[in-house]
Amino acid sequence: MATLIIYYSQSGKTELVAHTLAKNLRANVLRIQDLKNRNGFKNKFIASISAFRESKTDITPARVDLTDYDTIIFGTPTWAGNPTPAILTIIDRCNLTGKDVILFATMDGSRGDTNIERLEEKLKMRGARVIESFTIATKDKDSEKLITDTEAVIEMKDLKMYTR
């Protein structure tokens, strides 16, 4: 069995964290794309409201077959203290019964912990077992610093023991 990282990223910071995890944990990676336009001030404001309301959105891929994976890592930015609509949508469409899950949230400010708490609730309702979680602050950090911070979390949380 293998590990799959499923993530959504708008700015590229969550994507960088996901790919750093994948490289270090020998995991496969799948980017979820939100088909709604989330760029620009107005659209970002609407996106924050959608995250706060836990609205669903149109995504691609629409579904993911997790049969070949025993550990799933979900990653999302923090919008209004919540997971993004794209990640909430894919979680609702996955069969997570019996899967071990690791969560991570990126954040420019704070409230990443509330994002993680909400994700844990959703995943447990879908039958997953959340085995670890963490947040990564991204504000004013360049790519090198995000990679270093992610690698430090991998070591500190001993994430390699959860993956094969």
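The values are calculated or read from the model by the stated rules, or taken from the named source; none is laboratory data. Here the structure is a predicted model, which means the values were calculated and not measured. For neighbour counting, all protein chains shown are included, and Cβ atoms are generated from backbone atoms with ideal geometry for every residue, glycine included. Just so you know, the surface numbers come from the protein's heavy atoms only, side chains and all, with ligands and any DNA or RNA stripped out. Shrake-Rupley method; radii C 1.70, N 1.55, O 1.52, S 1.80 Å.
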Quick one: count up the residues across segment 150-164 that are in contact (Cβ under 8 Å) with a residue 24 or more places away in the chain and either open to solvent by 40 Å² or more (accessible area, probe 1.4 Å) or more than 17 Å from His19 (Cα to Cα) (or both). 5
Starting from segment 5-27, take each residue that is more than 21 Å from Arg63 (Cα to Cα) and list its partners that are part of a loop (DSSP other than H, G, I, E, B), counting only C-beta distances under 7 angstrom and pairs at least six apart or across chains. Lys13/Thr138; Leu21/Ala27; Leu25/Thr163; Arg26/Thr163
I'd like to know if segment 124-144 contains one or more residues that are surrounded by 18 or more Cβ atoms within 10 Å (Cβ to Cβ), of a type in the set (Gly, Ala, Ser) and touching a residue at least 40 places away in the same chain (Cβ under 8 Å). yes
Which listed residue is in contact with a Ser or Thr (Cβ under 7 Å, 6 or more places away or on another chain) and closer than 22 Å to Thr20 by Cα, from Ile147, Ile131: Ile147
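The rows are residues; the columns are (1) open to solvent by 10 Å² or more (accessible area, probe 1.4 Å); (2) at pLDDT below 95.
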| residue | (1), (2) |
| --- | --- |
| Asn28 | yes, no |
| Phe41 | yes, yes |
| Asp92 | yes, yes |
| Leu103 | no, no |
Exactly one of Thr78, Thr57, Thr71 is open to solvent by less than 60 Å² (accessible area, probe 1.4 Å), touching a Pro at 6+ places or on another chain (Cβ under 6 Å) and modelled with pLDDT of 75 or more, and that residue is Thr57
